[in-house]
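Structure record follows, encoded as structure tokens.
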Amino acid sequence: MGLGFLGINGLPGWDWDFWGLMDYRDGGNGAFRIYSIFEYHYSIMKRQVLLLSSSRPNRQAVYFSHARGAIENILKGVHRLLFIPYAAPGGATYSAYTGSIREAFAGVGLPQQVEGIEAYKDPVMAIREAEAVFIGGGNTFLLLKTLYDAELLTPLRQRVAEGMPYIGSSAGSNVAGLTINTSNDMAIVHPPSFDALGILPFNINPHYPLEESQLHSGESRAERIREFHSLPQNRQAVLALYERSMLHLEGHKMRLLGSTPAGQPAAWLFRQGEREPVAYASGAELSGLMEG
Ligand code: ASP
């Protein structure tokens, strides 16, 4: 027998036509394959992801004051939020970090009960049963290594594909990308791989400055990203997010959110082989980036 294409248009609940590869080499199994492809694509449409560049718009500001509305939207109907404190900013203990996020949520009137994953004996089960997950900022290398050590990457990918809301801030946004090579952090530990969750088919660079300080004479951020793209194997795009920006992914639709100083970009897209990044304003539709 062989392979054939199956096309189905306009099914209820779908916003695009579906074409799947049908394997009819062995009858019944072929039908099962089609069902699996359907299930996968249908669940991808339920993805709900919110990636913050930073958990506060500047050092003096109240945590989440810039992101309250977006967090409220993505957590509609969620009562308990599972917080992952593994990035341990400034060496914070997990319980202190979870406590500060709990306080910050209460401080801006977000009603969710925040529970740290450190309180669970079985972190894999905690992810499997979570209503929603928030991965906080800190050191991206430490975060990714700890996620690998606890074998949480696969369950996280599965739950996100099933539609469990995922919020990341800074390091927690970096790990939603393809790899963590474009984090700003020091490599204080050695994760088994720099490959991250790959919810996005590109990389993130958070905390992108509107202006470089003239007092800093190391490479500018743009130069660091160009160094990444100068290596032939680094073909993925890098989306650099300004402090107050957020990336919202719902199914296949992706949009930039957040307020920027008047007329300033919210994000910059760097691509291999292109000298200058393309700047995007808040509100820009970036769904095309999900196609790679
Ligand atoms: N250290 C940053 C954070 O999580 C991540 C980064 O800058 O790449 O705040």
Quiz item: Can you list the HN-Hα couplings for region 97-114, worked out from phi with the Karplus curve (6.51, -1.76, 1.60; θ = phi - 60°), rounded to whole Hz and with x for Gly and Pro?
Solution: 5, 4, x, 5, 6, 4, 5, 5, 4, 4, x, 9, x, 7, x, 5, 7, 9
Self-check item: Qualifying trypsin sites (Lys or Arg not before Pro) in region 182-255, DSSP loop, other Cβ atoms within 10 Å at most 15
Solution: R235
Exercise. Set Lys and Arg Cβ to +1 and Asp and Glu Cβ to -1, take the dipole of region 158-292 about its Cα centre, and tell me which of P206, A237, S287 lies farthest positive.
Key: S287
Practice problem: Let me know the shape class of region 203-268, please: from the alpha-carbon gyration tensor, a ≥ b ≥ c as square roots of the eigenvalues, rounded when a/c is under 1.5, otherwise prolate if a/b is greater than b/c, or oblate. | Solution: oblate
Practice problem: Give me the distance in nm between label points sitting 7 Å out from Cα along the Cα-to-Cβ direction at T93 and E276, one decimal. | Solution: 5.2 nm
Practice problem: Calculate the length of the line joining the C-alpha centroid of region 196-213 to that of region 234-285, in whole Å. | Solution: 9 Å
Practice problem: For K76, list the lysines whose Cα falls under 16 Å from its own Cα; do not include residues on the same chain fewer than 8 positions away. | Solution: K46
Quiz item: What ³J(HN,Hα) values, in whole Hz, does the Karplus curve 6.51 cos²θ - 1.76 cosθ + 1.60 give for region 202-219 when θ = phi - 60°, with x put for Gly and Pro?
Solution: 8, 9, 10, 10, x, 6, 6, x, 5, 9, 7, 6, 6, 7, 9, 10, x, 4
Quiz item: Do any trypsin sites (Lys or Arg not before Pro) in region 88-189 lie in a loop, going by DSSP, with at most 13 other beta-carbon atoms within 10 Å of their beta carbon, and if so which?
Solution: K121
Quiz item: Quick one: of the DSSP bridges fully inside region 42-200, what percent are antiparallel, nearest 5?
Solution: 5 percent
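All of the numbers you see were taken from the coordinates with simple rules; none came from a lab. Quick caveat, the model's predicted, so the values are computed rather than measured. No Cβ is skipped: glycine too gets one built from the backbone with ideal geometry, and neighbour counts run over all protein chains shown.
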